[in-house]
Every structure is written in C-alpha cells, then in structure tokens.
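These notes concern the structure reproduced below.
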Amino acid sequence: MHIYNPSKAPVPAEWLNIDESERINLVLEFHIAEQIEFEDGAQSVHAVIHVVVENQLAMKIDPVTETIARLTRQGLSRHDSIHAIAAVLSGGIFNLLKGNEHEFDIKQYRKRLQKLTAKRWNKGQW
C-alpha cells in the first residue's frame, strides 16, 4: 500500500500487514496533500487516532464497523465518519488522561458509538 485515501476503505489484510508507523505516515501524507490545516502538533495526534479507527475497522471490531456503515448511510462521507468515531474515541482517551478513569472505558465507548448519528455529529452533539 503506497497511498491512503479515507474515502475508500483499505484492504484490511493489506492495511494490517504494514507497519504502524507507515500507516501513520500514509495518513499524514494524505492530510498534507489535501492541505488540511492543524494547530501546532495536532497533525500527528490526528493521524494516530485516524489509524486507530482504521485499525478497528480492518479488524472488524463492532460497533465501529456498524457505526461507520450507519453514518455513511446517513450521509456522512467515509472520512467524516472516521472523524466522528475518532472524536468519540478521543473523548474516552481524554477522560483517561485527565485521571477521571483508571483504564479506557470500552463499554462507554461502545455505548457512545451506538448513539452516534450523522445528525448528532453535524450538530456537534457526539
């Protein structure tokens, strides 16, 4: 795999067979080529979270796969759907980093993904 495009799902086996750092670089290269602007330092974090979601999709982890299918059916692009899922994931990570949790709350993550809709995402209510 030489090019990443979030509009098209990578072949799962191919995606998972490349090194994690290469996955991150592919995502970074896509965002740089698209001239997507980030605040200082945010581009790397964005790419890492993007890769985590793509990894979950490639590994067919539910409800991540169900969520992306639902969001795209509801009109979000695949890329925007990845961002929506990543926002929910990031919220769980943020709670962990703030010390509100002692470990990542996978039940809460699943619950929030199940409630996530395109309408809620577009309203900033994820």
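The values are calculated or read from the model by the stated rules, or taken from the named source; none is laboratory data. Predicted model, so just to flag it, every value in this text is computed and none were measured. All Cβ positions, even for glycine, are placed from backbone atoms using ideal geometry, and neighbour counts span all protein chains on display.
Before moving on, here are some points about what is shown:
- Screening Lys119 on (1) without any contact (Cβ under 8 Å) to a residue 60 or more places away in the chain; (2) touching a Ser or Thr at 6+ places or on another chain (Cβ under 8 Å) shows it passes everything except condition (2).
- Some residue of the stretch 35-48 being at pLDDT 95 or above, in a helix (DSSP H, G or I) and either more than 16 Å from Ile82 (Cα to Cα) or of a type outside the set (A, V, I, L, M) (or both): no
- Odd one out for Leu71, checked against (1) modelled with pLDDT under 95; (2) touching a Lys or Arg at 6+ places or on another chain (Cβ under 9 Å); (3) not in a loop (DSSP other than H, G, I, E, B): (1)
- Any hit, the stretch 48-56, residues being more than 16 Å from Tyr4 (Cβ to Cβ), in contact (Cβ under 8 Å) with a residue 24 or more places away in the chain and in contact with a helix residue (DSSP H, G or I) (Cβ under 8 Å, 6 or more places away or on another chain): no
- Which numbered condition Glu54 misses (of (1) part of a helix (DSSP H, G or I); (2) over 14 Å from the mean Cα position of the chain (by Cα); (3) under 19 Å from Asp80 (Cβ atoms); (4) acidic (Asp, Glu)): (2)
- Subset tally (residues that are in a loop (DSSP other than H, G, I, E, B), hydroxyl-bearing (Ser, Thr, Tyr) and surrounded by fewer than 17 Cβ atoms within 10 Å (Cβ to Cβ)) for the stretch 1-34: 1
Matching residues to (1) within 26 Å of Leu26 (Cα to Cα); (2) under 15 Å from the mean Cα position of the chain (by Cα); (3) hydroxyl-bearing (Ser, Thr, Tyr):
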site	(1), (2), (3)
Val64	yes, yes, no
Leu71	yes, yes, no
Lys98	no, no, no
Arg110	no, yes, no
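- Residue in the stretch 107-117 that is outside any helix (DSSP H, G or I) and of a type in the set (A, V, I, L, M) present: yes
- Top-ranked residue of the stretch 60-84 - restricted to ones that are of a type in the set (Val, Ile, Thr) and touching a Ser or Thr at 6+ places or on another chain (Cβ under 6 Å), ranked as surrounded by the most Cβ atoms within 10 Å (Cβ to Cβ): Ile68
- Picking from residues in the stretch 97-126 that are more than 20 Å from Asp80 (Cα to Cα) and surrounded by 14 or more Cβ atoms within 10 Å (Cβ to Cβ), the one that is modelled with the lowest pLDDT is Glu101.
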